[in-house]
1. Restricting to the range B:132-182, name every residue that is surrounded by fewer than 19 Cβ atoms within 10 Å (Cβ to Cβ), facing another protein chain (nearest Cβ under 7 Å) and touching a residue at least 12 places away in the same chain (Cβ under 8 Å).
2. Condition test on A:G88, is it in a loop (DSSP other than H, G, I, E, B) and more than 10 Å from chain B (Cβ to nearest Cβ)?
3. Among the listed residues A:M223, A:M294, identify the single one that is touching a Leu at 6+ places or on another chain (Cβ under 7 Å) and of a type in the set (A, V, I, L, M, F, W, C).
4. Could you list, in sequence order, the residues of the range B:235-257 that are farther than 18 Å from B:S73 by Cα and either polar (S, T, N, Q) or touching a His at 6+ places or on another chain (Cβ under 7 Å) (or both)?
5. Which condition number in (1) in contact (Cβ under 8 Å) with a residue 24 or more places away in the chain; (2) within 14 Å of chain B (Cβ to nearest Cβ) is the one that A:L102 fails?
6. Let me spell it out: the conditions are (1) more than 15 Å from the chain's Cα centre (by Cα); (2) surrounded by 24 or more Cβ atoms within 10 Å (Cβ to Cβ); (3) of a type outside the set (S, T, N, Q); (4) part of a loop (DSSP other than H, G, I, E, B), and A:A261 meets all of them except one. Which number is the exception?
7. Do the conditions hold for A:L36, that is, is it within 30 Å of A:G228 (Cβ to Cβ) and either assigned to a helix (DSSP H, G or I) or at pLDDT 90 or above (or both)?
8. Within the range A:172-185, does at least one residue satisfy the condition of being buried (at least 21 other Cβ atoms within 10 Å of the Cβ) and away from every other protein chain (no Cβ under 14 Å)?
Amino acid sequence: MIDISAPPQSETAAVTPRRRRGLDRRHIPVLATLGLLAFMYGLGVVNYDNFSDTQVFLNIFVDNAFLLVVAAGMTFVILTGGIDLSVGAVVALTTVVAATLLNAGWPAVVVLPLVLLMGTSMGLGMGAVIHYFKVEPFIATLAGMFLARGLSLLINRNSIPITDPFWTAMAQDRIRFGPGIFISYSVVIALVVVLIGAYVLAYTRFGRTVYAIGGNADSALLMGLPVGRTRIAVYTVSGFCSSLGGVLLSFYMLSGYSLHAQGMELDAIAAVVIGGTILTGGSGYLLGTVLGVMVLGMIQTIIAFQGDLSSWWTKIVIGILLFAFIVLQRLVTRRTT
Amino acid sequence: MSNLTRHRLFWPAAVLVLLLASNVFFAPRFFTITLQDGHLYGSLIDILRSATPLALVALGMTMVIATGGIDLSLGSIMAISGALACLIIGDLPDQNSVGGVLIAVGVALVLSAALGVWNGVLVSVIGIQPIIATLILMVAGRGIAQLITDGQIINVTSAPYRVIGAGYLLGIPVSVIIVAVVVAAAMLLVRRSALGVLIESVGASPTASRLAGIRARGLTITVYVFAAFCAGIAGLIFSSNVASADSNAAGNLIELDAILAVVIGGTALTGGRFSIAGSVLGAVLISALDITTYTIGVPAETTLLFKAVVVVVLCLSQSAAFRAAVFRRRAVAPATPAAEVSA
């Protein structure tokens, strides 16, 4: 109940704890993530030349904008206590459909809304199956994953290059702040999505209901909250975010490929968990997810700077972090309940 | 007749027969089993052979799901087990020494079981949700497997090791014999002792079984160890069959297929009653689906679509809400699987 009746005041409150009044327990996981991020950044700056360049930091966003959007959608789902395994496959399907339509000569203005609509309606469909037929989210979204991956393989099993002028412009144009300091348009889109998401979660009735369902779905129902509508809506949000993430990935890769985003659902879930959202739902912040994505990006950056470490260390480190944060969550929730 | 159709394995079995029968139209010699060089050959044997790793993983998954859990890490454990065995065999002075291969197999299985202990402790002692607890090893495990093989594919030339996945005993594939033995042992153990009932009671109601004095903690750990052990054997069969360890391909997404096989077999994901025979049947069905798409000549990619449709149909048929809606108002039925409409 404590978590439900007092939804987050604002996202910034998580960053600046009011030490005098004692630390809010709900902020501990997010603060831990922030501390970890600062530690990793410090480690990088001390050990590697040029690590402190502003661009190195900005590249974490440039290289992970699509993951940020997907993880933001996943946060909504996990806050209600659900899970969405279909995100990676929907991302891949979006890139394939977009690339196929663009190559067939369709204008970007038509393709863009169309693929977003497609992902959103897939999310809507999964949400409806989950709610109306009481199918486990895990299984329903697993079916969605098979379906989306299968469809994209069926459309084209090869990588399709994208040459559309709008797409190439989005891929190559940079917003420059100074010499050698830039971000891509995808970063702006991702940050806008995160800000809107954070606002919705913190200040709207819908956001409150999301937290309430995750806290206790039965109580939420007894309180008269629109549980069914909200539950369907979070999967719809996740479907939309996945397809938008797919669009951003196709900007980044300039190709559509059915094997894009393999295992992205795991990265998104990991980012959400490392960001401090509790997997049983009801507690967490979108800002935490942003930090989680940054931690994943920071791991990759450090491994790239180190040079002699192989890519599989990324997986092992993510696994260790997942373990640490899940145990931390466990300790925090044990004390509050 | 109605008793027959109501048996919970009737529908999966019917689908399997239908699937196999449909092959005859495309490959007239589909059901022929021939004896060549003392080995049985034929599409049916192929289906059984390719089903072996999945059947083992599904067997372990059944027990885990029966306790109300789930294990996502089994595919990664498969990769680790195969990688470790191939690494040890690759370093042997004589790859064909039976003793060396046995040691490698033993070490791989012990490590698999140890990973099962890790999963079990996270779930039952620390109290993490199973889906999350095993997610850790699913992510990290594949990294560990790549660490073992150093990111390469390790090829081995060991004849004794090849026997596990590709050998024949009295004309029957050794892998099929291994699976049959493990499945029979598991069935004997759970159905001829109280173990099966205990597992079902923990899955059906943890509170009630605690009040009844069942030690759920030890039972849960045992179940995860058993699942990991099965996955370890599956990893050995897989890597032995291709005589190499490929950390990326081994057991990739097999946990999802295994969950599918368990659900097809009539075990509910919520825990409680389980059916080992059903899960093995489910594994054979999935394997038959794969082989059928090859014989029919449909692009292999469509198996994923098939699976999606199968999952949707099965889940809806298991969903009480769906059955109520369909049997009360039949008009609802066509609109339901949103997934199928867009297909």
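The values are calculated or read from the model by the stated rules, or taken from the named source; none is laboratory data. Note that this is a predicted model, so its numbers are computed, not measured. Cβ coordinates were reconstructed from backbone atoms using ideal geometry, including for glycine residues, and neighbour counts include every protein chain displayed.
1. B:G151
2. no
3. Step by step, each of A:M223, A:M294 is checked, and only A:M294 is touching a Leu at 6+ places or on another chain (Cβ under 7 Å) and of a type in the set (A, V, I, L, M, F, W, C).
4. B:S240, B:N241, B:S244
5. (2) is the only condition that A:L102 fails.
6. So the condition that A:A261 fails would be (1).
7. Taking the combined requirement at face value, the residue does not satisfy it.
8. yes
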